[in-house]
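Peer 1: Structure below; questions to follow.
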Amino acid sequence: MTKRQKRTLVRIILSGVLLVAAYLLPLEGWWRLPAFAVPYLLVGWDVLWGAVRNIGHGQIFDENFLMSIATIGAFALQEFPEAVFVMLFYQVGELFQSYAVGKSRRSISQLMDICPDYANIRREGELVQVEPDEVQIGDIIVVKPGEKVPLDGVVVSGSSSLDTAALTGESLPRSIAEGDDVVSGCVNLEGLLEVRVTKEFGQSTVSKILELVENSASKKAKTENFITKFARFYTPCVVGAAVLLAVLPPLLFGGEWSEWIERALIFLVISCPCALVISVPLSFFGGIGGASRLGILIKGGNYFEVLAKAETVVFDKTGTLTKGVFRVTALHPENCTKEQLIETAALAESYSDHPIARSVKEAYGKTTEQSRVADVKELAGRGISAVIDGKTVLAGNDKLMKEAGVVCHACHKVGTAVHVAAEGVYLGHIVISDEVKEDAKAAIGLLKAAGVNKTVMLTGDETAVGEAVAQELGLDEAYTKLLPADKVERVEALLNGKKSGSLLFVGDGINDAPVLSRADVGVAMGGMGSDAAIEAADVVLMDDKPSKIAAAVKIAKKTMRIVRQNIVFALVVKFVVLALGALGLANMWAAVFADVGVSVLAVLNAMRTMAGVKADK
């Protein structure tokens, strides 16, 4: 509980004690006014001041104004205890709402703890603590046991275990050694690490995550925007209705002024839209906070509505459904030896950092002499062209060979085939295989259980490779041999062909960014995904587990269900009690329930977005 909340609680308790004392004392006449005015002002001065301040700013019709008019009117009618009780219960409700909002904010602010305070860097033989944004790319930083990794980089010395819970929601530590990539925000648990920085602090994983979380609250769902607009028109309307209720019956029908003014004041208390204004944003905020604890970053409340309607999920293959860890599993040379085939391919791929290129270089096992390589060109979706020892070499798929007029042979093994040709002569092909992620098959089953009707895979791999993975995972459809532009076209076709619901695209690579932007909701693998994919996506999975997609859909559906419950419950109770109040069948206590009681119940229901996430986890 914050200091402000504690002070409010003390004021509520003191006001309650003074109210009981004033109620029990045998006071008569005008002595009753100061006796009840003291607890009223003690508990309600901030509401009164808020109403005055907002009127000065031109913001008249808010809940402070409604509560002030209603309680001051009750004092004017000498209903002193009722006036104090209304203000007291209103403050109890506000305190409860403040606590609920604070709890939701803390679930997100825990993520902010990943932000590092400093980085250790060696200067003149000594370790010096500097601000993370002072470190440059290429600098070597030292991460001691118990410290947070301040910037993204590659381990150049040491081995350890990293606690990634703040990023991924996973409790199991990740083992790392020399040559492994590390991302900022993780906690070093054991050994001393020396890390070569690969990204400046402003572009690091931790900075991007914090930026996403900070911006998430600004992206409101349609429901939130509706409630905001509804409250803007609703409040002045009910104030006008209350004025008419107080004035017209006495003027037209000769009713008692005091009776109809009291009805109008009760009408005002009932009409406060607190339950909607507080509980609906809190539901979305709670969903964002609960998802972040699972390592799922949802960039705004507006994506919950689309996620909840997910009926088609489209996956990229490499790095999304598979690990993206490629290994050379076969060498099939022609017109050369196996050694010559792998050497030529490794030299052609020497400047590339693509996973397939890395696997070829690892299989070669020697340092590639880049001085032998010139005029390297990456051919999107096809492969690489390079000049090696003065000869033009092509390394890529069968499309590249066909374009060059080279006759290549299909491989009988399942995997990605890298065909190699030199000066138009076919040298053979290398077979590279990728492993399917452990939870990929479970992810498809969980999505089906969550209401997704169709699962699709898009890949640039050969048909045999793509179909083998699709069959293993139980996917409904698979499209192979696709260039980046082909993926966009395929997603657009799926969007045009769907009858209802929304389409999610899940990817991790830089070439997935256009598709992520085109889908109804783009989901990026954030752990090892590219910066472009993370920026283009609407949802980011920090641990790269596809099974978390189903969790995101379930969170969205539960959040939207709770939002709808709160809207229906609040409006039904409000309008019923408003009608009763206008007819003189509801007293001030019913008004208090319709305002504070409904707000508290709605907030309790909204908090289930956080509690439900824990249970799902």
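The values are calculated or read from the model by the stated rules, or taken from the named source; none is laboratory data. Bear in mind that the values here come from a model prediction, so they are computed numbers and not experimental data. Here Cβ is always computed from backbone atoms with ideal geometry, including for glycine, and neighbour counts include all displayed protein chains. Heavy atoms of the whole protein, side chains included, go into the accessibility calculation; ligands, DNA and RNA do not. Shrake-Rupley method; radii C 1.70, N 1.55, O 1.52, S 1.80 Å.
Peer 1: Can you tell me which residue within the range 41-67, out of those that are acidic (Asp, Glu) and under 15 Å from Val238 (Cβ atoms), is modelled with the highest pLDDT?
Peer 2: Selected residue: Glu63.
Peer 1: So if I check each of Val456, Val452, which one is open to solvent by less than 30 Å² (accessible area, probe 1.4 Å), of a type in the set (A, V, I, L, M), assigned to a loop (DSSP other than H, G, I, E, B) and more than 30 Å from Lys338 (Cβ to Cβ)?
Peer 2: Numbers: Val456 fails: assigned to a loop (DSSP other than H, G, I, E, B).
Selected residue: Val452, the only one of Val456, Val452 that is open to solvent by less than 30 Å² (accessible area, probe 1.4 Å), of a type in the set (A, V, I, L, M), assigned to a loop (DSSP other than H, G, I, E, B) and more than 30 Å from Lys338 (Cβ to Cβ).
Peer 1: Looking at (1) more than 30 Å from Ala264 (Cβ to Cβ); (2) buried (at least 16 other Cβ atoms within 10 Å of the Cβ), find the lone condition where Arg564 falls short.
Peer 2: So Arg564 meets the others, but not (2).
Peer 1: Can I ask one more? Is at least one residue of the range 346-355 more than 15 Å from Val431 (Cα to Cα) and of a type in the set (Phe, Trp, Tyr)?
Peer 2: Yes, the conditions are met somewhere in the range 346-355.
Peer 1: Turning to a different aspect of this structure: Select from the range 342-357 the residues that are more than 16 Å from Thr416 (Cα to Cα), modelled with pLDDT of 85 or more and either in contact with a helix residue (DSSP H, G or I) (Cβ under 8 Å, 6 or more places away or on another chain) or surrounded by fewer than 22 Cβ atoms within 10 Å (Cβ to Cβ) (or both) and list them in ascending order.
Peer 2: Taking the range 342-357 as the starting set, the residues that turn out to be more than 16 Å from Thr416 (Cα to Cα) are 343-344, 347-348, 350-353.
From the residues that got through so far, the ones that are modelled with pLDDT of 85 or more too are 343-344, 347-348, 350-351.
Once the filter is applied, which keeps residues that are more than 16 Å from Thr416 (Cα to Cα), modelled with pLDDT of 85 or more and either in contact with a helix residue (DSSP H, G or I) (Cβ under 8 Å, 6 or more places away or on another chain) or surrounded by fewer than 22 Cβ atoms within 10 Å (Cβ to Cβ) (or both), the range 342-357 yields Glu343, Leu347, Ser350, Tyr351.
Peer 1: Same structure, new question: Based on this model, can you work out whether Pro249 counts as at pLDDT 80 or above and not charged (D, E, K, R)? First the steps, then the outcome.
Peer 2: Details: at pLDDT 80 or above: yes; not charged (D, E, K, R): yes.
Spelling it out, Pro249 is indeed at pLDDT 80 or above and not charged (D, E, K, R).
Peer 1: Take the range 577-593 and flag every residue that is of a type in the set (A, V, I, L, M), assigned to a helix (DSSP H, G or I) and either open to solvent by 10 Å² or more (accessible area, probe 1.4 Å) or touching a Lys or Arg at 6+ places or on another chain (Cβ under 6 Å) (or both).
Peer 2: Val577, Leu578, Ala579, Leu580, Ala582, Met588, Ala590, Val592, listed by residue number.
Peer 1: Still on this model: Of the numbered conditions (1) among the polar types (S, T, N, Q); (2) under 22 Å from Leu482 (Cβ atoms); (3) surrounded by fewer than 21 Cβ atoms within 10 Å (Cβ to Cβ), Thr337 satisfies every one except a single condition; which is it?
Peer 2: Failing condition for Thr337: (2).
Peer 1: Consider Asp353 carefully, then state whether it is under 24 Å from Gly507 (Cα atoms) and without any contact (Cβ under 8 Å) to a residue 12 or more places away in the chain.
Peer 2: yes
Peer 1: May I ask you to verify whether Ile13 is open to solvent by 90 Å² or more (accessible area, probe 1.4 Å), of a type in the set (A, V, I, L, M) and in a helix (DSSP H, G or I)?
Peer 2: Numbers: open to solvent by 90 Å² or more (accessible area, probe 1.4 Å): yes; of a type in the set (A, V, I, L, M): yes; in a helix (DSSP H, G or I): yes.
Judged against the criteria, Ile13 is a match.
Peer 1: Looking at the range 409-423, is at least one residue closer than 28 Å to Asp486 by Cα, under 41 Å from the mean Cα position of the chain (by Cα), modelled with pLDDT under 90 and in a strand (DSSP E or B)?
Peer 2: Yes, there is a match, as at least one residue in the range 409-423 is closer than 28 Å to Asp486 by Cα, under 41 Å from the mean Cα position of the chain (by Cα), modelled with pLDDT under 90 and in a strand (DSSP E or B).
Peer 1: Give me the residue from the range 65-80 that is of a type in the set (A, V, I, L, M, F, W, C) and in contact with a Phe, Trp or Tyr (Cβ under 8 Å, 6 or more places away or on another chain) and, out of that set, nearest to Leu24 (Cα to Cα).
Peer 2: We begin by selecting, within the range 65-80, every residue of a type in the set (A, V, I, L, M, F, W, C); these are 65-67, 69-70, 72, 74-77, 80.
From the residues that got through so far, the ones that are in contact with a Phe, Trp or Tyr (Cβ under 8 Å, 6 or more places away or on another chain) too are 67, 74-75, 80.
Values: Met67: 25, Ala74: 20, Phe75: 18, Phe80: 13 Å.
Selected residue: Phe80.
Peer 1: Among the candidates Lys558, Lys548, Lys574, Lys487, which residue alone is charged (D, E, K, R), under 20 Å from Asn302 (Cα atoms) and open to solvent by less than 30 Å² (accessible area, probe 1.4 Å)? Steps first, please.
Peer 2: Numbers: Lys558 fails: open to solvent by less than 30 Å² (accessible area, probe 1.4 Å); Lys574 fails: under 20 Å from Asn302 (Cα atoms); Lys487 fails: under 20 Å from Asn302 (Cα atoms).
Going through Lys558, Lys548, Lys574, Lys487 in turn, the sole match is Lys548.
Peer 1: Something else: Within the range 157-181, take every residue that is among the polar types (S, T, N, Q) and in a loop (DSSP other than H, G, I, E, B) and give me the one that is modelled with the lowest pLDDT.
Peer 2: Ranking the candidates gives Ser171 first.
Peer 1: Does at least one position in the range 314-329 carry a residue that is modelled with pLDDT of 85 or more, farther than 19 Å from Gly526 by Cβ, hydrophobic (A, V, I, L, M, F, W, C) and part of a helix (DSSP H, G or I)?
Peer 2: For the range 314-329, residues modelled with pLDDT of 85 or more, farther than 19 Å from Gly526 by Cβ, hydrophobic (A, V, I, L, M, F, W, C) and part of a helix (DSSP H, G or I): absent.
Peer 1: From the list Ala493, Ala450, which one is among the small types (Gly, Ala, Ser) and without any contact (Cβ under 8 Å) to a residue 40 or more places away in the chain? First the steps, then the outcome.
Peer 2: Working: Ala450 fails: without any contact (Cβ under 8 Å) to a residue 40 or more places away in the chain.
When all the criteria are applied, what remains is Ala493.
Peer 1: Report every pair of residues separated by at least 6 positions or lying on different chains whose Cβ atoms are under 7 Å apart, first residue within the range 547-559 and closer than 15 Å to Glu305 by Cα, second crowded, with 24+ Cβ neighbours inside 10 Å and of a type in the set (S, T, N, Q).
Peer 2: Lys558/Thr609; Thr559/Ser283; Thr559/Thr609
Peer 1: If I ask for residues that are exposed (fewer than 15 other Cβ atoms within 10 Å of the Cβ) and out of contact with any Ser or Thr (no Cβ under 9 Å at 6 or more places or on another chain), which ones from the range 403-437 would you list?
Peer 2: Correct list: Glu403, Gly405, Val407, His409, Ala410, His412, Val425.
Peer 1: Six or more apart or on different chains, Cβ atoms under 7 Å: show the pairs whose first residue is in the range 232-246 and in contact (Cβ under 8 Å) with a residue 24 or more places away in the chain and whose second is outside any helix (DSSP H, G or I).
Peer 2: Tyr234/Pro273; Thr235/Phe61; Thr235/Asp62; Thr235/Pro273; Pro236/Phe61; Val239/Phe61
Peer 1: Which condition from (1) over 15 Å from Thr318 (Cα atoms); (2) in a helix (DSSP H, G or I) is the one that Gly466 breaks?
Peer 2: Gly466 satisfies every listed condition except (1).
Peer 1: Contact list please: Cβ distance under 8 Å, first residue in the range 390-412 and closer than 20 Å to Ser433 by Cβ and hydroxyl-bearing (Ser, Thr, Tyr), second residue open to solvent by less than 60 Å² (accessible area, probe 1.4 Å) and not in a loop (DSSP other than H, G, I, E, B), pairs at least six apart or on different chains.
Peer 2: The qualifying pairs do not exist here.
Peer 1: Between a first residue in the range 252-279 that is closer than 19 Å to Phe233 by Cα and part of a helix (DSSP H, G or I) and a second residue that is among the polar types (S, T, N, Q) and at pLDDT 80 or above, which pairs have beta carbons less than 8 Å apart while being 6 or more apart in sequence or on different chains?
Peer 2: Cβ pairs passing all conditions: Ala275/Asn566; Leu276/Asn566; Ser279/Asn566; Ser279/Asn605.
Quick grid of which residues meet (1) at pLDDT below 80; (2) part of a strand (DSSP E or B); (3) aliphatic (A, V, I, L, M); (4) over 35 Å from the mean Cα position of the chain (by Cα):
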residue	(1), (2), (3), (4)
Thr71	yes, no, no, yes
Gln78	yes, no, no, yes
Ser98	yes, no, no, no
Val101	yes, no, yes, no
Ile141	no, yes, yes, no
Val155	no, yes, yes, no
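Peer 1: Still on this structure: Can you find, within the range 184-201, the residue that is nearest to Arg174 (Cα to Cα) among those that are open to solvent by 10 Å² or more (accessible area, probe 1.4 Å) and part of a strand (DSSP E or B)? Break it down into steps so the answer makes sense when it comes.
Peer 2: Keep residues of the range 184-201 that are open to solvent by 10 Å² or more (accessible area, probe 1.4 Å), which gives 187, 189-192, 194, 196, 198-201.
Still in the list and also part of a strand (DSSP E or B): 187, 194, 196.
On the way: Val187: 10, Glu194: 17, Arg196: 19 Å.
Among those residues, the one meeting the criterion is Val187.
Peer 1: Please tell me if Leu212 is part of a helix (DSSP H, G or I), at pLDDT below 65 and open to solvent by 20 Å² or more (accessible area, probe 1.4 Å). Show your work before the answer.
Peer 2: Working: part of a helix (DSSP H, G or I): yes; at pLDDT below 65: yes; open to solvent by 20 Å² or more (accessible area, probe 1.4 Å): yes.
So Leu212 passes the test.
Peer 1: Continuing with this model, one more query. In the range 314-330, what residues are under 24 Å from the mean Cα position of the chain (by Cα) and charged (D, E, K, R)? Steps first, please.
Peer 2: Within the range 314-330, the subset under 24 Å from the mean Cα position of the chain (by Cα) is 314-323.
Asp316, Lys317, Lys323 - these are the residues of the range 314-330 that are under 24 Å from the mean Cα position of the chain (by Cα) and charged (D, E, K, R).
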